[in-house]
1. Are any residues in segment 12-29 surrounded by 14 or more Cβ atoms within 10 Å (Cβ to Cβ) and out of contact with any Phe, Trp or Tyr (no Cβ under 7 Å at 6 or more places or on another chain), and if so, which ones?
2. Can you name the condition, by its number, that residue 25 falls short on among (1) part of a loop (DSSP other than H, G, I, E, B); (2) in contact with a strand residue (DSSP E or B) (Cβ under 7 Å, 6 or more places away or on another chain)?
3. I'd like the residue in segment 32-77 that is of a type in the set (Asp, Glu) and open to solvent by less than 80 Å² (accessible area, probe 1.4 Å) and, out of all such residues, is modelled with the highest pLDDT.
4. May I ask you to list pairs of residues, at least six apart or on different chains, whose Cβ atoms are under 6 Å apart, with the first in segment 24-41 being closer than 13 Å to residue 62 by Cα and the second being open to solvent by less than 50 Å² (accessible area, probe 1.4 Å) and of a type in the set (Gly, Ala, Ser)?
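The values are calculated or read from the model by the stated rules, or taken from the named source; none is laboratory data. Here the structure is a predicted model, which means the values were calculated and not measured. All Cβ positions, glycine included, derive from the backbone under ideal geometry; neighbour counts span all protein chains shown. Accessible surface is based on the protein model in full, side chains and every heavy atom, while ligands, DNA and RNA are left aside. Shrake-Rupley method; radii C 1.70, N 1.55, O 1.52, S 1.80 Å.
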Amino acid sequence: MGTKIMLHAIDVAYRNLGITTFHAETHENNKRVRRMLEKIDFKVMDWNKTEQQFRASNGTIMYRLMLEEVSECHPLN
């Protein structure tokens with residue numbers, strides 16, 4: 001999914017459903033998706049000990065975007 005499509009999907013979910021928090025998950029080696037998520041302001045989620053062990057075992061990184069934390073210059077605004 002490209003950046004424009006992802007931004008459109010987030011915008012539609014926000015405007016039509018009022019969703020303000022979004023989650024994404026990718027493998028730590030998937031640099032293209034990681035760059036795209038970080039460009040849109042997704043942040044790596046904080047991990048507790050159990051989740052750190054899970055991440056270490058399968059290489060998954062979880063991201064979260066909270067619209068109320070996004071700056072006014074963000075592409076969604």
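1. 13, 14, 22, 26
2. Of the numbered conditions (1) part of a loop (DSSP other than H, G, I, E, B); (2) in contact with a strand residue (DSSP E or B) (Cβ under 7 Å, 6 or more places away or on another chain), the odd one out for residue 25 is (1).
3. Taking segment 32-77 and keeping what is of a type in the set (Asp, Glu), we get 38, 41, 46, 51, 68-69, 72.
Those still in the list that are open to solvent by less than 80 Å² (accessible area, probe 1.4 Å) too: 41, 51.
Working: 41: 92, 51: 58.
Out of the qualifying residues, it is 41.
4. Hits for this filter: 27/59; 28/59; 37/24.
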